[in-house]
1. Among what's in the stretch 10-48 and is among the β-branched types (V, I, T) and within 15 Å of A87 (Cβ to Cβ), pick the residue that is farthest from the chain's Cα centre (by Cα).
2. Inside the stretch 218-272, can you point out the residues that are under 30 Å from F8 (Cβ atoms), of a type outside the set (A, V, I, L, M) and crowded, with 16+ Cβ neighbours inside 10 Å?
3. Do we have L136 as under 16 Å from the mean Cα position of the chain (by Cα) and touching a residue at least 12 places away in the same chain (Cβ under 8 Å) here?
4. Going through E131, E118, E125 one at a time, which residue ends up being farther than 27 Å from Q220 by Cα, among the acidic types (D, E) and in contact with a Gly (Cβ under 7 Å, 6 or more places away or on another chain)?
5. Condition first: among the aromatic types (F, W, Y) and either surrounded by fewer than 19 Cβ atoms within 10 Å (Cβ to Cβ) or assigned to a helix (DSSP H, G or I) (or both). Now tell me which residues in the stretch 163-197 satisfy that.
6. Go through the stretch 25-45 and give me each residue that's over 26 Å from S219 (Cβ atoms) and either among the aliphatic types (A, V, I, L, M) or not assigned by TED's automatic domain parsing to the domain that holds F73 (or both).
7. So V52 fits all but one of (1) β-branched (V, I, T); (2) over 14 Å from I88 (Cα atoms); (3) part of a helix (DSSP H, G or I); what number is the exception?
Amino acid sequence: MRLRSLLFVPGDRPERFDKALASGADAVILDLEDSVAPANKPRARENVHEYVQRRAGETNLLIRINPLSSPEFEDDLAALNGLHPFAIMLPKAEGAASVWKLAGSLASEIPILPIATETPSAIFEIGSYREVSTSLCGLTWGAEDLPAAMGAATARRTDGRYTPPYELARSLTLFGAHAAAVPAIETVYPDFHDLSGLRAYVGRARRDGFSGMMAIHPSQVETINHAFTPDASEIAWAEKVAAAFAAKPHAGVIQLDGRMLDMPHLKLALRILEISGR
């Protein structure tokens, strides 16, 4: 399953669940954590349990639970009983140990999507996710909880780009995902009214090697999907490169349209063809 866009919807707003599924997002994250006030969490669990159970045939529903250290965690586990969502999103994950703990607490095997950068300790564990890669469906990061934990005023410059500490967290997540051979999922763009800013943001994400992005509003889905879908010119280039290497199977380097191409170019071409379904 492709994960270009993953749309959050609060677990205490069941009237939005069907709308989220109809948004065109590749996956919908039913949230039990930050978007749900403590008083509403019991009802949110009931809503999510009922909806996921009713939509048993759907493959694009994730559930974001509360952190392992949270007093809400055990109640979240109880709400998961009998459910088989596409994946569980784990906030405030701290490397392979967190994945092992969650996987060991689940009644059945369900893929896990850790949020890898929400505590200072988590930064030093990102490389360990390759040890549990078979339990993952991807790796993502967040730019809100970490600065709050560190007492930082903000994670962003005045132009919206990340300051160096949080750019590092983003980069480490990207490297950690690729080291584990799982999709790297970019974090949210909070201003859902700013579609031009979103286009620039998601363009940088794809340029840098992310394969998908989380969204907080349905209006963001189309832009995200478009950015992570190869266009006709990219596909044509990839087909041309793949064909050229296929014609010379023993060549490590070929010349094409006046350029010298080697194995990294072939890998990129094959990745584009895989993403585009070719």
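The values are calculated or read from the model by the stated rules, or taken from the named source; none is laboratory data. What you see is a predicted model, and the numbers here were worked out from it, not measured in a lab. In this analysis, Cβ positions are derived from the backbone assuming ideal geometry, glycine residues included, and neighbour counts consider all displayed protein chains.
1. Result: V48.
2. Matches in the stretch 218-272: P218, Q220, T223, N225, F228, P230, E234.
3. It is true that L136 is under 16 Å from the mean Cα position of the chain (by Cα) and touching a residue at least 12 places away in the same chain (Cβ under 8 Å).
4. Just a single option satisfies the conditions, and that option is E125.
5. Y166, F175, F192
6. The answer is A39, and nothing else.
7. (2)
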